[in-house]
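Take a look at the structure below.
The values are calculated or read from the model by the stated rules, or taken from the named source; none is laboratory data. Source: prediction; values computed, not measured. Quick reminder, even Gly has a Cβ in these numbers, built from the backbone with ideal geometry, and neighbours come from all protein chains shown. Side chains included, ligands, DNA and RNA excluded: accessible areas come from the protein's heavy atoms. Shrake-Rupley method; radii C 1.70, N 1.55, O 1.52, S 1.80 Å.
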Amino acid sequence: SIFCYVNTVDIRPQNLQVDNIFFIKKDFLETDILENSIESLSCLHVAEHIGLGRYGDKLDPFGTEKIIQKLQNILTTNGNLYFSVPIGKQKTCFNAHRIFYAQTIINLFDKLDLKSFSAVNDGNKLIQNASLHDFDNAKYSCGLFHFTKNQLSTFN
């Protein structure tokens, strides 16, 4: 927020006052953000909660898939998406979060290209440029994905 305006969308009310940060209380899936309109997006530890009802959102078993499609659609060509979710043995912890195989996340972002993947393992150690399958049996690691939207990737 020092260098640019930042908009955040959260279903929960935010009573914070921070210079150049604008808080929008809304369900992200119900926003009317134009396609190909955002150059840089961050979705950090959000997508795993969508559709589980924990924060007042509607129950939807495809909530994560829907937010991923929306993120892909609103990102501009040559835009960057910074995305994190829990990774490990894939499961849903109802009314809490989902855990994903890292490869599942790659597959869901079918309109974007993976630029880099790092992770924080179960021992709280950052592994930069990690191998996707090294976390398949993790309990609750954190996958850190950097995607870009290239002109050609939108046609895949």
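Checking each residue in the range 94-115 for being in a strand (DSSP E or B) and open to solvent by 40 Å² or more (accessible area, probe 1.4 Å) picks out 113, 114, 115. Within the range 116-127, being in contact (Cβ under 8 Å) with a residue 12 or more places away in the chain and either open to solvent by 80 Å² or more (accessible area, probe 1.4 Å) or not polar (S, T, N, Q) (or both) holds for 117, 119, 120, 122.
Could you list all residues from the range 74-102 that are over 14 Å from the mean Cα position of the chain (by Cα) and not hydroxyl-bearing (Ser, Thr, Tyr)? Answer for the range 74-102, where residues must be over 14 Å from the mean Cα position of the chain (by Cα) and not hydroxyl-bearing (Ser, Thr, Tyr): 78, 79, 88, 89, 90, 91, 93, 94, 95, 96. In the range 91-114, the residues that are hydroxyl-bearing (Ser, Thr, Tyr) form Cβ pairs under 7 Å with partners that are open to solvent by 60 Å² or more (accessible area, probe 1.4 Å), at six or more places apart or across chains, as follows: 101/90; 104/90.
Taking residues in the range 52-77 that are more than 16 Å from residue 26 (Cα to Cα), and partners anywhere that are among the acidic types (Asp, Glu) and surrounded by 14 or more Cβ atoms within 10 Å (Cβ to Cβ), the pairs with Cβ atoms closer than 7 Å and at least 6 places apart or on different chains are 64/48. Scanning the range 16-48 for residues that are among the hydroxyl-bearing types (Ser, Thr, Tyr) and part of a strand (DSSP E or B) yields a total of 2.
Residue 95 passes every criterion in (1) out of contact with any Leu (no Cβ under 9 Å at 6 or more places or on another chain); (2) at positive phi apart from (1). For the range 3-15, filtered to residues that are closer than 28 Å to residue 87 by Cβ, assigned to a loop (DSSP other than H, G, I, E, B) and out of contact with any Ser or Thr (no Cβ under 9 Å at 6 or more places or on another chain), the residue that is least open to solvent (accessible area, probe 1.4 Å) is 11.
If you go through the range 55-86 and pick out every residue that is surrounded by fewer than 16 Cβ atoms within 10 Å (Cβ to Cβ), under 15 Å from residue 97 (Cα atoms) and of a type outside the set (D, E, K, R), you end up with 5. Could you please let me know if residue 51 is open to solvent by 50 Å² or more (accessible area, probe 1.4 Å) and either assigned to a loop (DSSP other than H, G, I, E, B) or not acidic (Asp, Glu) (or both)? So residue 51 does not fit the description; no. A search for C-beta distances below 7 Å between a residue of the range 9-23 that is among the charged types (D, E, K, R) and any residue that is open to solvent by 100 Å² or more (accessible area, probe 1.4 Å) and part of a strand (DSSP E or B), counting only pairs 6+ apart in sequence or on different chains, returns 10/25.
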